[in-house]
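All remarks here apply to the structure that follows.
The values are calculated or read from the model by the stated rules, or taken from the named source; none is laboratory data. Model, not experiment: these values are computed from the prediction. We place every Cβ from the backbone using ideal geometry, glycine too, and count neighbours over all the protein chains shown. For the accessible areas, the whole protein counts, side chains as well, though only heavy atoms, and no ligand, DNA or RNA atoms are used. Shrake-Rupley method; radii C 1.70, N 1.55, O 1.52, S 1.80 Å.
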Amino acid sequence: GGTTARTKTFIDVAKAQIGDPYVFGAQGPNAFDCSGLIHYALVKAGVPDARTTARGYQARYAGSKVSRENLKPGDLLFYWSPNTRGIPRGQASHIEIYLGNGKSMGTDNPSEGARIENVNWAAFIGGARVPALQRG
């Protein structure tokens with residue numbers, strides 16, 4: 001199906017944060033870390049959401065995994081990169097929002113802040129669809 005109004009809001013709210021600074025642990029409205037941006041946009045899209053980490057979202061939406069070829073705008077992208085936080089391979093060290101056409105919206109770098117970029121397929125470990133975004 002098409003993109004629901006809720007999914008559109010989720011994406012639009014995230015995109016409205018372009019240029020906001022990356023600050024570890026921040027969840028808006030003026031600065032964000034990767035999962036803080038997801039949390040902020042989900043809540044603004046009318047999805048009740050308890051703030052968690054990239055790994056937490058990966059676990060929360062483990063029942064609605066999406067493969068690379070089935071990704072749709074608004075799906076969550078999980079990444080793993082070597083990190084100093086002890087997050088093992090296969091568990092998400094970073095999360096972004098899929099926008100379609102190989103683009104994503106997220107924040108992970110203090111020098112760049114929130115931005116749209118090409119999906120980092122090299123670090124991609126899976127996607128998930130947020131069930132509540134599919135309703136209404």
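Below are the figures for this structure:
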| item | result |
| --- | --- |
| Within the stretch 52-74, tally of residues that are open to solvent by 50 Å² or more (accessible area, probe 1.4 Å), assigned to a helix (DSSP H, G or I) and touching a helix residue (DSSP H, G or I) at 6+ places or on another chain (Cβ under 6 Å) | 0 |
| Near pairs, Cβ below 6 angstrom, 6+ apart or cross-chain, from the stretch 59-74 (in contact (Cβ under 8 Å) with a residue 60 or more places away in the chain) to any residue that is aromatic (Phe, Trp, Tyr) | 74/10 |
| Matching residues, the stretch 91-110, being touching a residue at least 40 places away in the same chain (Cβ under 8 Å), touching a helix residue (DSSP H, G or I) at 6+ places or on another chain (Cβ under 9 Å) and open to solvent by 30 Å² or more (accessible area, probe 1.4 Å) | 99, 108 |
| Filter result (open to solvent by 50 Å² or more (accessible area, probe 1.4 Å) and either of a type in the set (Ser, Thr, Tyr) or touching a residue at least 60 places away in the same chain (Cβ under 8 Å) (or both)) within the stretch 40-51 | 48 |
| Selection count where residues are open to solvent by less than 70 Å² (accessible area, probe 1.4 Å) and assigned to a helix (DSSP H, G or I), scope the stretch 13-39 | 8 |
| Members of the stretch 111-136 that are exposed (fewer than 15 other Cβ atoms within 10 Å of the Cβ) and among the aromatic types (Phe, Trp, Tyr) | 121 |
| Filter result (surrounded by 10 or more Cβ atoms within 10 Å (Cβ to Cβ) and of a type in the set (Lys, Arg)) within the stretch 75-90 | none |
| Close pairs (6 angstrom Cβ cut-off, 6 or more residues apart or separate chains): closer than 14 Å to residue 49 by Cβ in the stretch 7-21, open to solvent by less than 20 Å² (accessible area, probe 1.4 Å) and outside any helix (DSSP H, G or I) anywhere | 9/45; 10/45; 10/74; 14/97; 14/105 |
